[in-house]
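The block underneath contains the structure these notes are about, expressed in structure tokens.
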Amino acid sequence: MIQLPVKDPCDLCEGMAGREERWAIIEEGEHALTVINPWQFEVGQCCVITRRHVATLLDLSQPECVAIMVAAQRVAAALVKAYNPLGILTFQNNGVYSGQETPHFHFHVVPRQEGSDWGIGPPQLATFEGAGRRKGTSHDPSGDAQRRARVQASARQLAETADRIRANLQRSPS
Ligand SMILES: [Zn+2]
């Protein structure tokens, strides 16, 4: 059984409710929103999230699946234009043993640059113990508090990054 991380209140629902000061939306639709990840391991890294509070890929409706991938492709194209990255990394975690830290579906879209300060990305997931929690203990995702502090962007920086990405989004077909 997939064990979910515990976070109450949910930080993504808090953001959607306007109770998170660093919340910055790049684009939103009926089923999905593209938002800036407050942890900028890479400048410009985003998440596409569901409007509904559901935890994993397994919980998504088909329209949500479509909305997530369309939004991810759109923001990936905008990131390429805005930052000219060496690559675009996408990933999505389901359960604490896959590295999921928030129990609300989010699909990462990350522009990769040389010399970046990536800390909690896929290389760490190669070690199963490092990816999740031991049974019966609360999930501690930190592992590297210093790096996490270093990559925490201010509300102003996040808003500026969101503006830059938004300016590079293609107009949606209407
Ligand atoms: Zn939520």
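The values are calculated or read from the model by the stated rules, or taken from the named source; none is laboratory data. Worth saying up front: this structure is predicted, and the values here are computed from it rather than measured. Because the Cβ atoms are built from the backbone with ideal geometry, glycine has one as well, and the counts that use them run over all protein chains shown.
Quickly run through the stretch 97-117 and pick out the residues that are away from the ligand (no atom under 16 Å from the Cβ), surrounded by 18 or more Cβ atoms within 10 Å (Cβ to Cβ) and either aliphatic (A, V, I, L, M) or not in a strand (DSSP E or B) (or both).
Across the stretch 97-117, the qualifying residues are 99, 109, 110, 116.
Can you tell me which residues in the stretch 22-51 are of a type in the set (Phe, Trp, Tyr) and over 15 Å from residue 166 (Cβ atoms)? Before the answer, list the steps.
First, the residues of the stretch 22-51 that are of a type in the set (Phe, Trp, Tyr): 23, 39, 41.
If the condition is that a residue be of a type in the set (Phe, Trp, Tyr) and over 15 Å from residue 166 (Cβ atoms), then 39, 41 are the ones that fit.
Go through the stretch 90-104 and give me each residue that's out of contact with any Asp or Glu (no Cβ under 7 Å at 6 or more places or on another chain) and either farther than 20 Å from residue 32 by Cβ or at pLDDT 90 or above (or both). Break it down into steps so the answer makes sense when it comes.
First, the residues of the stretch 90-104 that are out of contact with any Asp or Glu (no Cβ under 7 Å at 6 or more places or on another chain): 90-101, 103-104.
Selection gives 90, 91, 92, 93, 94, 95, 96, 97, 98, 99, 103, 104.
Output the residues belonging to the stretch 8-53 that are closer than 19 Å to residue 152 by Cα, within 11 Å of the ligand (Cβ to nearest atom) and part of a loop (DSSP other than H, G, I, E, B).
Residue satisfying the conditions is 10 alone.
Could you check how many residues of the stretch 75-94 are over 13 Å from residue 48 (Cβ atoms) and within 16 Å of the ligand (Cβ to nearest atom)?
So the count comes out to 2.
Within the stretch 65-86, can you find the residues that are closer than 21 Å to residue 98 by Cα and not aliphatic (A, V, I, L, M)? Reasoning before the result, please.
If we filter the stretch 65-86 for residues that are closer than 21 Å to residue 98 by Cα, which is where we start, we get 65, 68-69, 72.
Hit for the stretch 65-86 is 65, nothing else.
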